[in-house]
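A short write-up of the structure that comes next.
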Amino acid sequence: MTWPKNWPIRPISPPPWARQEPTWRGARPALIASALDKALARPSGNWFVFAASSEVTSARPLGRRVAGRELVAWRDQGGELRIGPGACPHLGAPLCDAAVDGGSLVCRWHGLALGGDAPVLGWRCHPAHDDGVLAWVRLDEVGGEVPLERPVLPERPPRDTSLDAVATVLGRCEPEDVVFNRLDPWHGAWFHPYSFAELRVLDAGDEEFLVEVTFRLAKRVGVPVLARFTCPEPRTVVMHIVEGEGVGSVVETHATPLGVGADGVPRTAVIEATIAHSPRPGFSYARTVAPALRPVMRWAAKRLWRDDIAYAERRYELRSTGRWPG
Ligand code: FES
Ligand SMILES: [Fe+2]
């Protein structure tokens, strides 16, 4: 039988796992390290991904740590994203437990209202940006770079023809370990055989990697795509689908340093935004069932990330004990 030409799903017959082509020769440590150095040298304008936009509401504050700073986020009456220090400037009450009233935070301990434009007892909001998928915070004293008005965002598909989901995973490592893992596409079909097959890195420069890969749907069927990996800023790796089903779709991997844990090991949040796009008519239907699809998209990302976090944590462990071979 001839496979229909415009059918996105293809039969695949990958060799048994141990018989596939080894990729370690292509995955040269110096090449990945040089791509990482290039990424780390890019400006971030001191912006950090804080959370998914949808996690921040006007109903209650959301507390998170970024680079050891305790922060709190909520939305004001106009729905604007607000992010400020997480400790009340009066006697230090945790503001993640505050109430949101009239768009301001009201401290539970003695009723101090915070969050207007004027500073209160030295407390003031940080610059924040909501890009529609992710909530960002600018921490100038942490980043130490020249501040930018807005975070450096990758190109994304139009919102009205796309579907987004954000998954967050925590790791015992630093952001650069997460970026390094993402800049090693060669591990795909070996380390994640349940998700990828027939992976070939077609071009690997300092600035971008071009990868041909089949997303596995089942044992013998998959969706072949061409993907481009780039780093728009030092804590983000972006995969654009440039050919194949879902062309225009984007997976953004953002690594946010949370600070050092009680055990002395740094913690990093991997906040991954999948923005799926397809010009196919069926995709409009998929958008109407978006709430049902979102958990599936999240789960798919999390399964990969269990393994990728193990990779990043391993790199940090070896790096921090002088045993890293790369
Ligand atoms: S600790 Fe917040 S008002 Fe006193
Ligand atoms: Fe991976």
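The values are calculated or read from the model by the stated rules, or taken from the named source; none is laboratory data. Bear in mind the structure is a predicted one, so any value in this text is a computation, not a measurement. Backbone-built Cβ (ideal geometry, glycine too); neighbour counts: all protein chains shown. All accessible areas refer to the heavy atoms of the entire protein, side chains included, with ligands and DNA or RNA removed. Shrake-Rupley method; radii C 1.70, N 1.55, O 1.52, S 1.80 Å.
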Radius 10 Å from Cβ of I12, net charge of other residues (Lys, Arg +1; Asp, Glu -1): +3
Along each principal axis, Cα extent of the stretch 195-278, largest first, Å: 46, 30, 23
For the stretch 176-188, Karplus couplings with θ = phi - 60° (6.51, -1.76, 1.60), whole Hz, Gly/Pro x: 5, 5, 5, 5, 4, 4, 6, 8, 10, x, 5, 7, x
3J(HN,Hα) from dihedral phi, the stretch 311-326, Karplus parametrisation 6.51/-1.76/1.60, rounded to Hz, x for glycine, proline: 5, 5, 5, 5, 4, 4, 4, 5, 4, 7, 10, x, 10, 6, x, x
Computed accessible area, E317, all protein chains, 1.4 angstrom probe, square angstrom: 90
Centroid-to-centroid separation of the stretch 95-122 and the stretch 43-68 [C-alpha atoms, Å]: 17
Accessible area of the chain divided out per residue, in Å², using a probe of 1.4 angstrom: 49
Nitroxide proxy distance, nm - points 7 Å out along Cα→Cβ at L40 and L217: 4.1
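Of the listed peptides 44-54, 218-228, what is their order by residue-averaged count of other C-beta atoms within 10 Å, with the highest listed first? Kindly include the intermediate steps, with their values, before the conclusion.
Numbers: 44-54: 22.2, 218-228: 15.8.
Taking the mean over residues of other Cβ atoms within 10 Å, the ranking is 44-54, 218-228.
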Longest to shortest principal axis, alpha-carbon extents of the chain, angstrom: 73, 52, 31
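Work through the residues other than G63 whose Cβ is under 9 Å from its Cβ and net out their charges, Lys, Arg +1 and Asp, Glu -1.
Values: positive: R64, R65; negative: E70, D97.
Net charge around G63: 0.
Give me the number: length gained by fully extending R25 to K302, i.e. 0.36 nm times residue separation minus the C-alpha to C-alpha distance, one decimal in nm. Numbers along the way, then the final one.
Numbers: separation 277, 0.36 × 277 = 99.72 nm, distance 2.82 nm.
Additional length available on full extension: 96.9 nm.
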Semi-axis lengths, Å, the stretch 48-143, gyration tensor of Cα atoms, sqrt of 5 times eigenvalues: 19, 15, 11
Integer Hz, Karplus 6.51/-1.76/1.60 couplings in order for the stretch 92-102, x for Gly and Pro: x, 4, x, 7, 5, 9, 5, 9, 9, 9, x
Accessible area (Å², 1.4 Å probe, nearest 10) - T23: 30
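Excluding R108 itself, calculate the net charge of residues whose Cβ lies under 13 Å from the Cβ of R108, where each Lys or Arg counts +1 and each Asp or Glu counts -1.
Net local charge, R108 excluded: -1.
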Carbon and sulfur %, accessible surface of the chain computed with the full protein complex present, 1.4 Å: 56
Placed amide H near A67: partners under 5 Å, 5+ positions off or other chain: L258, G259
